[in-house]
Every structure is written in structure tokens, then in C-alpha cells.
Amino acid sequence: MLEGVALDPEPAPAGEPVTIATVYDGADLDEVARLAGGSVDDIVKLHTGAVYTVELLGFLPGFAYLGPAPGPLALARRASPRPVVPARSVAVAAGFTGVYPSATPGGWHLLGRAPGFVPFSLDDGRPALTPGASVRFVALDPDDEVDQPDPDEGGDHAAEAVDGEVSAEDA
């Protein structure tokens with residue numbers, strides 16, 4: 001029945017973590033700090049101080065569940081989900097963190113946004129983050145933001161890992 005199916009796939013290649021530059025200005029950042037018993041600066045340091053593993057892909061195409069989230073960030077989902085979470089929102093819930101690849105309803109706590117993150121290669125549709133990959137977040141000053149096309153509208157850009165960092169290049 002499972003003939004031809006790799007039951008013991010090769011592990012993801014080791015390497016430097018993919019870096020996701022994040023502006024920490026999320027709608028829930030103050031509330032997360034309160035729930036975690038710290039300051040906004042503490043939350044940013046916690047979130048950027050960890051190296052996460054892509055545990056699985058799901059929820060919607062290109063959404064990577066990155067874990068484990070540091071203890072104080074392992075919050076339950078919001079009591080009431082938002083009707084729309086903007087594309088590229090960086091969020092935490094249920095022991096994970098992630099980047100919403102497109103606008104969608106969602107119930108995670110919003111920490112910020114990753115303006116330069118491109119969730120897919122538009123050449124071949126591969127996700128930028130794959131199971132087993134390592135990921136880290138770095139704080140980005142809002143004045144240093146990178147303009148990218150809206151992932152919900154398409155565009156001529158592809159996500160590529162270059163020296164462990166995700167960057168957008170013309171396809």
C-alpha cells in the first residue's frame with residue numbers, strides 16, 4: 001500500500017538559521033508583555049533570543065509553526081479571533097510562533113510584522129520555510145523597512161535562502 005513512499009525521509013539540511021526581520025509593533029504586544037509579566041522590551045528579547053524549528057506547515061499554505069516558543073510566550077490563543085490578521089504578521093500562541101503568509105482570520109497574539117518576508121517562491125511555489133529548518137527573528141527598526149509586494153496580490157518576487165537569510169529577488 002505504501003510502496004514507493006519514503007518512510008524515513010532525509011533530515012532537513014543543517015545550516016544557519018533563516019533570519020526574519022521583524023518590526024515589533026503588533027496590536028497585542030503590550031497585552032503579551034502584561035500576560036508574561038514583563039515589559040515590551042523583555043518580550044522582544046525573548047522572541048529574538050530563541051532559535052526556532054519549523055515543526056510543521058499548516059493552517060493555510062505557507063504558514064510554518066515555529067517552536068518551541070519560550071515559556072512566557074507560550075500563551076493560549078486569544079479568546080476572540082480577529083476577522084482579519086494582516087499578511088506578514090508575526091504572532092505567538094499555543095507554544096508556537098509564526099508569520100501569517102497572507103491576510104486571514106486568526107486567533108494568535110500579534111507581536112509585530114515581517115515586512116520583507118516572502119512566504120513562497122513564485123517560480124515553483126515552494127514555501128520559504130520547510131519542516132526541520134531553523135529560524136530566528138531579528139528586530140527591525142521601522143525606518144529600515146523593506147517594501148515588498150502583498151502576498152495576497154502576487155508579484156514578481158521569490159523567497160530564497162541566501163547565507164541563511166530569506167531575501168526577495170526578482171524572479
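Derivation of every value follows stated rules applied to the coordinates shown; laboratory data play no part. Bear in mind that the values here come from a model prediction, so they are computed numbers and not experimental data. Positions of Cβ are generated from backbone atoms using ideal geometry, with glycine treated the same way; all protein chains shown enter the neighbour counts.
Before moving on, here are some points about what is shown:
- Efficiency of FRET from Cβ geometry, residue 143 and residue 123, R₀ 25 Å, rounded to 0.05: 0.20
- Using C-alpha pairs under 8 Å with a sequence gap of at least 6, the mean separation divided by the residue count of segment 17-133 gives a relative contact order of 31 percent.
- Amide H contacts of residue 128 (H built 1.01 Å from N, under 5 Å, at least 5 apart or other chain): 120, 121
- Residue by residue, segment 75-89 carries 3J(HN,Hα) couplings of 8, 5, 4, 4, 5, 10, x, 7, x, 9, 9, x, 4, 6, 6 Hz when phi is fed to the Karplus relation 6.51 cos²θ - 1.76 cosθ + 1.60 (θ = phi - 60°); x denotes Gly or Pro.
- If the segment from residue 45 to residue 103 were pulled out straight at 0.36 nm per residue, it would be longer than the present Cα-Cα gap by 18.2 nm.
- Note, ³J(HN,Hα) from phi for segment 134-141, Karplus 6.51, -1.76, 1.60, rounded to Hz, x at Gly and Pro: 9, 9, 9, 9, 10, 6, 10, 5
- Residue 55 paired with residue 82, simple spin-label distance in nm, labels 7 Å along Cα-to-beta-carbon: 2.2
- Net dipole in debye of segment 24-100 [+1 Lys, Arg Cβ; -1 Asp, Glu Cβ; about Cα centre; nearest 20]: 220
- Taking the Cα centre of segment 55-151 as origin and assigning +1 to Lys and Arg Cβ atoms and -1 to Asp and Glu Cβ atoms, the resulting dipole is close to 540 debye.
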